[in-house]
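Participant: One structure coming up, written as structure tokens, with questions to follow.
The values are calculated or read from the model by the stated rules, or taken from the named source; none is laboratory data. Quantities reported herein were computed from a predicted structural model and do not represent experimental measurements. Here Cβ is always computed from backbone atoms with ideal geometry, including for glycine, and neighbour counts include all displayed protein chains. In case anyone asks, the SASA skips ligands and DNA or RNA and just uses the protein heavy atoms, side chains included. Shrake-Rupley method; radii C 1.70, N 1.55, O 1.52, S 1.80 Å.
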Protein chains: 2
Amino acid sequence: MRRKSFESLQCPIARSLERVGEWWSILILRDAFLGATRFDQFQKSLDIAPNMLTRRLNALVDAGLLERHRYNERPRRDEYRLTERGRDFRPVLWTLLAWGNRHFAPEGPSVVIVDGESGELADPILVDRRSGRPLTTPAFRTAAGPAANERTRSRHGMVARSTDGAAAVSARRRDATLPDATPAGADGV
Amino acid sequence: MRRKSFESLQCPIARSLERVGEWWSILILRDAFLGATRFDQFQKSLDIAPNMLTRRLNALVDAGLLERHRYNERPRRDEYRLTERGRDFRPVLWTLLAWGNRHFAPEGPSVVIVDGESGELADPILVDRRSGRPLTTPAFRTAAGPAANERTRSRHGMVARSTDGAAAVSARRRDATLPDATPAGADGV
């Protein structure tokens with residue numbers, strides 16, 4: 001193990017990364033969305049070592065993102081298809097794609113999101129489903145949810161208080177998780 | 001190196017992962033959004049080995065996501081602050097958070113996104129900025145952009161054609177990147 005497991009942590013970001021926090025896993029999902037289902041298709045597209053690909057595919061099956069289907073008995077051959085949970089990962093891929101295009105494509109975008117019928121460019125933005133308001137700070141922030149433990153509550157209480165400068169500093173000084181944080185850095189996850 | 005570099009690849013997802021495709025990097029960014037700026041704050045929050053943390057912080061500085069500021073000369077101490085590029089990563093974290101809450105929080109969410117004033121729960125959804133339409137398939141899909149090379153064009157041409165079953169199969173049979181993909185698997189990244 002080159003990293004500790006975050007399975008026991010409450011943070012939903014850490015839990016997501018527990019399932020897909022590998023380069024390869026995310027690129028395998030990307031290729032699955034592009035239609036790849038078979039071992040050799042993933043291997044050819046990714047130029048990945050077979051043992052590594054086997055491990056990553058197994059992990060994605062175990063995490064419930066891909067389903068294995070036998071399509072041939074002799075020789076035994078499986079294909080891998082996105083589950084509903086796997087398909088639900090698309091917004092993460094698309095926000096990564098948009099971020100990559102904004103920051104790491106000096107020559108212009110090589111991959112874009114378009115309207116499937118008109119071909120018009122789409123510009124992805126995260127909004128609140130009900131109100132339609134863009135999810136930006138400080139209008140929105142993260143907060144401890146109903147299942148939060150003490151550690152999670154303390155961490156997010158800190159951020160909530162950070163809108164008030166003085167209170168934020170003293171709150172942070174008392175905070176065991178991120179001791180002595182400076183208000184300038186606080187921005188709410 | 002336990003992975004090859006995707007720097008040379010066109011895919012904006014691969015390029016993004018080149019910068020943040022490490023568990024630790026993403027969790028460091030998460031903590032930076034929560035107000036962490038100093039080495040010991042990150043270390044305490046993440047329980048990460050110091051040499052690993054140093055490497056990840058340096059990589060995030062090199063990638064332009066964090067900026068290093070000296071805040072003490074004797075002893076020499078730096079703090080790390082999110083750059084504009086780093087702050088622009090928030091939508092990726094929030095889509096990861098929402099996906100984690102939907103799929104890996106059987107006990108209920110521990111971290112949520114809320115309206116900063118009313119405290120009301122927000123439900124993040126990716127939409128097209130101009131039209132406001134939800135970015136779902138098949139209404140939207142990825143396509144080769146203006147800077148795409150032949151490989152990228154061929155790969156995405158395949159997906160574009162996959163809305164038409166027969167054409168998709170023959171197109172895919174000719175496709176060098178993902179040979180013989182089955183139409184059922186194609187869904188557009």
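Participant: Take segment B:43-62 and flag every residue that is touching a residue at least 24 places away in the same chain (Cβ under 8 Å) and either facing chain A (nearest Cβ under 9 Å) or more than 20 Å from A:Ile13 (Cβ to Cβ) (or both). Before you say what the answer is, go through the steps one by one.
Facilitator: First, pick out the residues of segment B:43-62 that are touching a residue at least 24 places away in the same chain (Cβ under 8 Å): B:48, B:52-53, B:56-57, B:59-60.
The answer is B:Ile48, B:Met52.
Participant: Which condition breaks for B:Glu117 when tested against (1) outside any loop (DSSP other than H, G, I, E, B); (2) within 9 Å of chain A (Cβ to nearest Cβ); (3) at pLDDT below 95?
Facilitator: Only one criterion in (1) outside any loop (DSSP other than H, G, I, E, B); (2) within 9 Å of chain A (Cβ to nearest Cβ); (3) at pLDDT below 95 is unmet by B:Glu117, namely (1).
Participant: Checking B:Ala143 against (1) assigned to a strand (DSSP E or B); (2) surrounded by fewer than 19 Cβ atoms within 10 Å (Cβ to Cβ); (3) of a type in the set (A, V, I, L, M): exactly one of these is not met. Which one?
Facilitator: Evaluating B:Ala143 over (1) assigned to a strand (DSSP E or B); (2) surrounded by fewer than 19 Cβ atoms within 10 Å (Cβ to Cβ); (3) of a type in the set (A, V, I, L, M) leaves (2) as the failure.
Participant: Within the group A:Leu65, A:Leu57, A:Leu27, which residue is out of contact with any Gly (no Cβ under 7 Å at 6 or more places or on another chain) and crowded, with 23+ Cβ neighbours inside 10 Å? Lay out the reasoning, then the answer.
Facilitator: Working: A:Leu65 fails: out of contact with any Gly (no Cβ under 7 Å at 6 or more places or on another chain); A:Leu57 fails: crowded, with 23+ Cβ neighbours inside 10 Å.
When all the criteria are applied, what remains is A:Leu27.
Participant: Hey, another quick one. Against the conditions (1) modelled with pLDDT under 95; (2) within 7 Å of chain B (Cβ to nearest Cβ), where does A:Asp164 fall short? Just the number, please.
Facilitator: (2)
Participant: B:Glu120 versus (1) more than 23 Å from B:Ala36 (Cβ to Cβ); (2) assigned by TED's automatic domain parsing to the domain that holds B:Phe42: which is the lone unmet condition?
Facilitator: The failed condition is (2).
Participant: Is there a residue being open to solvent by less than 10 Å² (accessible area, probe 1.4 Å) and more than 8 Å from chain B (Cβ to nearest Cβ) anywhere in segment A:129-140? Lay out the reasoning, then the answer.
Facilitator: Residues of segment A:129-140 that are open to solvent by less than 10 Å² (accessible area, probe 1.4 Å), as a first pass: A:140.
After this cut, where a residue has to be more than 8 Å from chain B (Cβ to nearest Cβ) as well, the list is none.
Looking for residues that are open to solvent by less than 10 Å² (accessible area, probe 1.4 Å) and more than 8 Å from chain B (Cβ to nearest Cβ), one finds none in segment A:129-140, hence no.
Participant: Condition (residue is acidic (Asp, Glu), under 23 Å from B:Leu97 (Cα atoms) and at the interface with another protein chain (Cβ under 7 Å from one of its Cβ atoms)) applied to segment A:2-20: is it met by at least one residue?
Facilitator: Within segment A:2-20, none of the residues are acidic (Asp, Glu), under 23 Å from B:Leu97 (Cα atoms) and at the interface with another protein chain (Cβ under 7 Å from one of its Cβ atoms).
Participant: From the set of residues in segment A:68-104 that are charged (D, E, K, R) and either at the interface with another protein chain (Cβ under 8 Å from one of its Cβ atoms) or crowded, with 20+ Cβ neighbours inside 10 Å (or both), which is nearest to B:Arg129 (Cα to Cα)? Show your work before the answer.
Facilitator: Initial filter on segment A:68-104 (charged (D, E, K, R)): A:68, A:70, A:73-74, A:76-79, A:81, A:84-85, A:87-88, A:90, A:102.
Cutting the leftovers down to either at the interface with another protein chain (Cβ under 8 Å from one of its Cβ atoms) or crowded, with 20+ Cβ neighbours inside 10 Å (or both) gives us A:79, A:81, A:85, A:87-88, A:90, A:102.
Numbers: A:Glu79: 36, A:Arg81: 31, A:Arg85: 25, A:Arg87: 22, A:Asp88: 20, A:Arg90: 17, A:Arg102: 15 Å.
By that ranking, first place goes to A:Arg102.
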